[in-house]
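What follows is one structure encoded as structure tokens, with my remarks underneath.
The values are calculated or read from the model by the stated rules, or taken from the named source; none is laboratory data. Keep in mind it's a predicted model, so treat the numbers as computed, not measured. Please note: Cβ atoms are built from the backbone with ideal geometry, for glycine as well, and neighbour counts cover all protein chains shown. Side chains included, ligands, DNA and RNA excluded: accessible areas come from the protein's heavy atoms. Shrake-Rupley method; radii C 1.70, N 1.55, O 1.52, S 1.80 Å.
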Amino acid sequence: MEKGLLYPVINQYRADEKLDGLWNFKFDPAGEGEQQGWQKGFDNGIKMPVPASFNDFFTDKDAREYTGDFWYSRHFFVPDYFKGQEIQIRFGAATHRAVVYVNGQEIRSHEGGFLPFTADVTDAVKFGQENVVAVKVNNELHRDALPAGDTETLKNGKKMAKPFFDFYNYSGLNRSVHLLAVPKKGIYDYSTSYDLGESKATVHYSVRADSGSNVKASLIDENGQVVATNEGKSGDLIVTQPKLWNVRDAYLYTIQFKLLDQDRVIDEYQDQIGLRTVEIKGHEILVNHKSVYLRGFGRHEDSIYAGRAFDLNVERRDMNLMKWIGANSFRSSHYPYDEQVYRFADREGILVIDEVPAVGFKMAAASFLGGLDQSFFDGDWTKELYKKHLDQINDMIQRDKNHPSVLAWSLFNEPDTSTNSAVPYFEKLFAATANLDPEKRPRTFTLNEDDTYEKSKCLKFPDFYLLNRYPGWYHKWGYEISDGEAGLRAELDEWQKSDIDKPIVFSEYGADTEPGLHKLPSIMWSEEYQIELLEMFNRVFDSYDFIRGEQPWNLADFQTVEGNMRVNGNKKGIFTRDRQPKAAAFYLRKRWTKLPLDY
Ligand SMILES: CCC[C@@H]1NC[C@@H](O)[C@H](O)[C@H]1C(=O)O
């Protein structure tokens, strides 16, 4: 668990210098890096862009598919005037694990390829001089790590990733790297929660900072007017006539904390927040006590050239596509996205179901690759897996808890929930995560095809349900789709007859579609069939009032491992991988823009 994951800010107490750009890069298949002294830095090697996945830059298959250790290194200057500050190197993500060295000294290691971590390098840097950072990264997949998979060694001795999940194992320093100088006794974290009254809103805040200091908190509106202040490390900021953060109608306040030692300001942190509440009531999802019907997508951080790297240009385009089509939400399938994505969503009024990379926790996924027939939760890997799983939920909630866009936390994607061993694992995890979020937002996970109402043993845990269902594609496809609809309705009738009084959101459904393939009458893979499948699901959604959301899979086509079921990746996108519309995009836009934006 990280000490603090505050997003970097610049002010008179805090400096932030990005270390993005070309780093030196080397594969280390023989595991000889330390022995060769690479931890002291190296100037030879491939010039590798950061942030980026390394995979798609290469023209040879061994490099693209490389699995194992690989190294990054670059020089960086620490100015003399940073002296007295805590010097940190903050990695937005190193996929999947990393060891950080500065001037040859090992600083720390980190596990988890989709969340930030900070290396305190204060005692290792030379002030007023050039320094060198080296990072050993490893992208192997294991059953006791997130996301789950295996790493096999081929007969030629090369390692190969065998994911239990359907996205390419893009690896590297996928997000920005920052050199930070912050007060040694400063603000480590803050959290907020909200109460909305008739004509006022109360911001309950709490600041984690060095003992012996005090805090002056202020709330500032979009015109720069201070609308509320309070003294104390925790307390209330009360806003009269508040402008609430609403779905697709965002209003952001700046919250500012000044840390005082006696009456001297020693640190300051400012961030943008939105005044809103989230709750589940019966089978309704409520934002500011108003029912919301989710429309949007499962997504991936995925684009050509830089793979899984965060790309501001792609994010801007994706947000515009979602606004154009009439969406109001997305799920960060299947891992926490770059922090800038949530800041985009905060500004655009888009709701996010934030998902931890607990994907592939199902032997069916592994047996897709010849796995075992046991439960995923009674393997010799389960104990270690649980520790990492809880750690990454902790960090995801600690990192993302102050975003108004975050609606809920998804703790798994399509896990095994139908075996007896699943129950104690879920029991323990839901108990351990119950109080991590100061706002107590709903926790959930997606239910795979096999985890139906009658088969799943874990339906008591989630606060609402995310269903991934694929009649019309993985079964009852093509001309049989009418049977697929009948089967889907039969399952939903079971849900309806049950005493379950929680919302259901369809978080995945769809058809692989080759853009430009047209056929009358339709056949699978044609653009016409993708629309017919969506029409079938929408007929079903419109028949059950406890269905409170529709998020087809996926916003855009994305890269996966190669295989006889993938044509250069997963083609279930409503948009192509270069973000152009398939015919289904116009069909969904017609359906969704009929609804009010915030409905
Ligand atoms: C039947 C499981 C469907 C599966 N669900 C998880 C996604 O990550 C995959 O992309 C999707 C697919 O196969 O299209």
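Taking the stated definitions as given, is LYS185 farther than 28 Å from GLN559 by Cα, surrounded by fewer than 18 Cβ atoms within 10 Å (Cβ to Cβ) and either of a type in the set (S, T, N, Q) or more than 16 Å from the ligand (Cβ to nearest atom) (or both)?
Details: farther than 28 Å from GLN559 by Cα: yes; surrounded by fewer than 18 Cβ atoms within 10 Å (Cβ to Cβ): yes; either of a type in the set (S, T, N, Q) or more than 16 Å from the ligand (Cβ to nearest atom) (or both): yes.
Spelling it out, LYS185 is indeed farther than 28 Å from GLN559 by Cα, surrounded by fewer than 18 Cβ atoms within 10 Å (Cβ to Cβ) and either of a type in the set (S, T, N, Q) or more than 16 Å from the ligand (Cβ to nearest atom) (or both).
Just checking, how many residues over the range 1-20 are touching a strand residue (DSSP E or B) at 6+ places or on another chain (Cβ under 9 Å) and at pLDDT below 95?
Here is the first cut: in the range 1-20, the ones touching a strand residue (DSSP E or B) at 6+ places or on another chain (Cβ under 9 Å) are 2-20.
Okay, now just the ones that are also at pLDDT below 95, so 2-5.
Residues in the range 1-20 being touching a strand residue (DSSP E or B) at 6+ places or on another chain (Cβ under 9 Å) and at pLDDT below 95: 4 in total.
To keep it simple, each residue is scored yes or no on (1) under 20 Å from the mean Cα position of the chain (by Cα); (2) touching a residue at least 60 places away in the same chain (Cβ under 8 Å); (3) away from the ligand (no atom under 16 Å from the Cβ).
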| residue | (1), (2), (3) |
| --- | --- |
| LYS428 | no, no, yes |
| ALA431 | no, no, yes |
| ARG443 | yes, no, yes |
| LYS457 | no, no, yes |
| LEU466 | yes, yes, no |
| TYR470 | no, no, no |
| TRP495 | no, no, yes |
| VAL505 | yes, yes, no |
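Each row is one residue, and each column tells you yes or no for (1) open to solvent by 10 Å² or more (accessible area, probe 1.4 Å); (2) among the charged types (D, E, K, R).
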{"position": "GLU284", "(1), (2)": "yes, yes"}
{"position": "PHE310", "(1), (2)": "yes, no"}
{"position": "TRP324", "(1), (2)": "yes, no"}
{"position": "SER332", "(1), (2)": "no, no"}
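Which one of these is among the aromatic types (Phe, Trp, Tyr), in the same structural domain as TYR168 (by TED's automatic domain parsing) and within 28 Å of LYS162 (Cα to Cα): PHE58, PHE82? Quick ask: steps written out before the conclusion?
Details: PHE82 fails: within 28 Å of LYS162 (Cα to Cα).
None of the others qualify; the one that does is PHE58.
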Next item on the list: Look at ILE87 and say whether it is among the aliphatic types (A, V, I, L, M) and open to solvent by 30 Å² or more (accessible area, probe 1.4 Å).
Entry: no
Checklist line | Among residues of the range 543-599, those that are under 14 Å from THR513 (Cα atoms), among the aliphatic types (A, V, I, L, M) and either open to solvent by less than 20 Å² (accessible area, probe 1.4 Å) or in the same structural domain as ALA250 (by TED's automatic domain parsing) (or both), counted | finding: 5
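Among the residues that make up the range 209-226, is at least one of them assigned by TED's automatic domain parsing to the domain that holds ASP80, aliphatic (A, V, I, L, M) and surrounded by fewer than 18 Cβ atoms within 10 Å (Cβ to Cβ)? Before the answer, list the steps.
Keep residues of the range 209-226 that are assigned by TED's automatic domain parsing to the domain that holds ASP80, which gives none.
Within the range 209-226, not a single residue is assigned by TED's automatic domain parsing to the domain that holds ASP80, aliphatic (A, V, I, L, M) and surrounded by fewer than 18 Cβ atoms within 10 Å (Cβ to Cβ).
Considering the range 388-444 alone, what residues qualify as being of a type in the set (Val, Ile, Thr), assigned to a loop (DSSP other than H, G, I, E, B) and open to solvent by 20 Å² or more (accessible area, probe 1.4 Å)? If you could, list the steps in order and put the result at the bottom.
First, the residues of the range 388-444 that are of a type in the set (Val, Ile, Thr): 393, 397, 406, 417, 419, 423, 433, 444.
So of that shortlist, the ones also assigned to a loop (DSSP other than H, G, I, E, B) come out as 417, 419, 433.
The answer is THR419, and nothing else.
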Next item on the list: Consider only pairs whose beta carbons are under 8 Å apart and that are at least six residues apart or on different chains; among these, list those whose first residue lies in the range 524-539 and is among the basic types (Lys, Arg) and whose second residue is open to solvent by 10 Å² or more (accessible area, probe 1.4 Å) and assigned to a helix (DSSP H, G or I).
Entry: ARG539/GLU485
Check: Conditions: (1) open to solvent by less than 20 Å² (accessible area, probe 1.4 Å); (2) of a type in the set (A, V, I, L, M, F, W, C); (3) in contact with a Leu (Cβ under 8 Å, 6 or more places away or on another chain). ILE266 meets all but one. Number of the miss?
Finding: (1)
